[in-house]
1. Taking the condition small (Gly, Ala, Ser), assigned to a loop (DSSP other than H, G, I, E, B) and closer than 30 Å to residue 102 by Cβ, does residue 80 pass?
2. Of everything in region 84-139, what is over 29 Å from residue 154 (Cα atoms) and of a type in the set (Gly, Ala, Ser)? Give them in sequence order.
3. Residue check: is residue 65 over 30 Å from residue 141 (Cα atoms), free of Cβ contacts under 8 Å to residues at least 60 places away in the same chain and open to solvent by less than 100 Å² (accessible area, probe 1.4 Å)?
Amino acid sequence: NLTGNVGVGSSLTVVSGTVLGSSLLVIGNTNLSTLNASGNVGLGSSVSIVGLTLANGGLNVTGVSNLTGNVSVGQSLTVAGSVGIGQSLVTSGLDYATGGLRVNGYSDLTGNVAIGQSLTVAGSVKVGSSLTVTSGANFQSSVSVTGNTNLSTLNASGNVGLGSSLSVIDLTLANGGLQVTGLSNLTGNVGVGQSLTAASGVVFGSSLLV
């Protein structure tokens, strides 16, 4: 029974179990082949583990966790708060975002993107190659297209405004009528089936054949 301090100059070998009623303070390096703790273990600074670490009962980290290497999750990962990823996140399987997905920065989607119900975009959407819509597309505001647009069929229930010009290589049918408020330049033959009414003057540059 030692009530005071005990100093060991070189080494201490214990062949059986050692029970410490209070605490153990180690200033230098300590090599432990096996450490079994039935209660809590508190580390004031850091712990370095060279081999594999098994947390069979779970791992609870209340502070910052810095993982510099690869992190493999066998089944599922549940996070109650926010997760910050410094560089990139690679997932080989399917990702589920049941509560929603918010991307503040750049999003590069190289494969197919399937949208089950609806897509709401507050800002701009840039499509590098092509956009294919198999069903109806509803644009509540406007659509701006800077390049060529090939449309097999265009149905518009309201007004359609063309800023510059419209080129039609096939027959154009205006079943409800055609109203032109500005200049109309007709370079080919114009056939009028029944009657032609002009509210103002009509100028013929060449001749009129009746």
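1. Answer is yes for this residue.
2. If the condition is that a residue be over 29 Å from residue 154 (Cα atoms) and of a type in the set (Gly, Ala, Ser), then 84, 86, 88, 92, 93, 97, 99, 100, 105, 107 are the ones that fit.
3. Yes: the conditions hold for residue 65.
The values are calculated or read from the model by the stated rules, or taken from the named source; none is laboratory data. Worth saying up front: this structure is predicted, and the values here are computed from it rather than measured. Positions of Cβ are generated from backbone atoms using ideal geometry, with glycine treated the same way; all protein chains shown enter the neighbour counts. In case anyone asks, the SASA skips ligands and DNA or RNA and just uses the protein heavy atoms, side chains included. Shrake-Rupley method; radii C 1.70, N 1.55, O 1.52, S 1.80 Å.
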